[in-house]
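Only one structure is covered here, and it is reproduced in the block below.
The values are calculated or read from the model by the stated rules, or taken from the named source; none is laboratory data. As the structure is a prediction and not an experimental result, all values here were calculated from the model. Glycine gets a Cβ as well: all are built from the backbone with ideal geometry, and neighbour counts include every protein chain shown. Quick note on the areas: whole protein, heavy atoms, side chains included, nothing else; ligands and nucleic acids left out. Shrake-Rupley method; radii C 1.70, N 1.55, O 1.52, S 1.80 Å.
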Amino acid sequence: MATTPRKPRQPQKRPAAALPVPLPPRTPAEEALVAEWRAVESVEGRLQRPPVFTEEPDGGIGLAGDQDLARARLDRVFRGNTGAYTGHMATLVSRALGMPDHVRAANVAVAMVHAIGPQDPVEVILASQMVAAHDAAMEMIRRARLDDQPSAVIDSCITRATRLMRTVTAQVVALKDYRSKGHQTVTVQHVDVRDGGQAIVGDVVMSTAGRGGGGT
């Protein structure tokens, strides 16, 4: 019995991928934002960028690129004047994040402290504590949202997260108070004194004696 030879299967054509929708042209404000971002790469702005760490062949953490520039960046972020102090502070805050990738943890920690912008060693300490407490609070919230968690575990994680977030709030207030030390605020208000009136400067004490008010 004769058989009809089968035709070879033709490869199926995959549908063409949709072309991305072109973005609208940048607005003047967006152009200014991009220009400002690029200016960070300039010579004057390089010190403002957080340092970049890299992994050494022995598994340790080293400074990437220009070593002197990296040290200058670290000292700028942590307001230090010795390598021992700066390295110690960077190590403390990076370890507090608890990230398994120690190089990434160091980069993230320094970038977060840099974003707060401490101006002296005391502010560096507060900024480092804020970074550590904030990261721990976010970790507690993450754990509370894991699947199949008992209610007791969820409650415990939320309670710890709440305490940590309150701690961060207190640290923000402490940093604000410290930054405003020695600054007095004087409020001047307009006082309209009509003819025959008197302007009184100071505390005014009102008494109801002799007016039938029963005051003492």
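Quick notes on this structure:
- Difference of contour (0.36 nm per residue) and Cα-Cα distance, ARG76 to ALA16: 16.4 nm
- Just the protein heavy atoms count here, and of the accessible area of region 51-115 at 1.4 Å, carbon and sulfur take up 53 percent.
- Per-residue ³J(HN,Hα) for region 151-166, Karplus 6.51 cos²θ - 1.76 cosθ + 1.60, θ = phi - 60°, Hz, x for Gly and Pro: 4, 5, 5, 4, 4, 5, 5, 5, 4, 5, 4, 4, 4, 5, 5, 5
- Calculated FRET efficiency for the pair THR162/ASP101, C-beta based, R₀ 35 Å, to 0.05: 0.80
- Distant-in-sequence amide H partners of GLY62 (H built 1.01 Å from N, under 5 Å): THR54, GLU55, GLU56
- When Rg and the Kirkwood radius Rh are both evaluated on Cα atoms of region 74-163, their ratio Rg/Rh stands at 1.09.
- Sum of side-chain charges, ALA133 neighbourhood, beta-carbon under 13 Å (Lys, Arg +1; Asp, Glu -1): +1
- Per residue value of the accessible surface for region 30-115 (all protein chains in place, 1.4 Å probe), Å²: 62 Å²
- Counted charge near VAL110, where neighbours are those whose Cβ lies closer than 12 Å (Asp, Glu -1; Lys, Arg +1): +3
- Area of TYR178 that stays accessible when all protein chains are in place (1.4 Å probe, Å², to 10): 60 Å²
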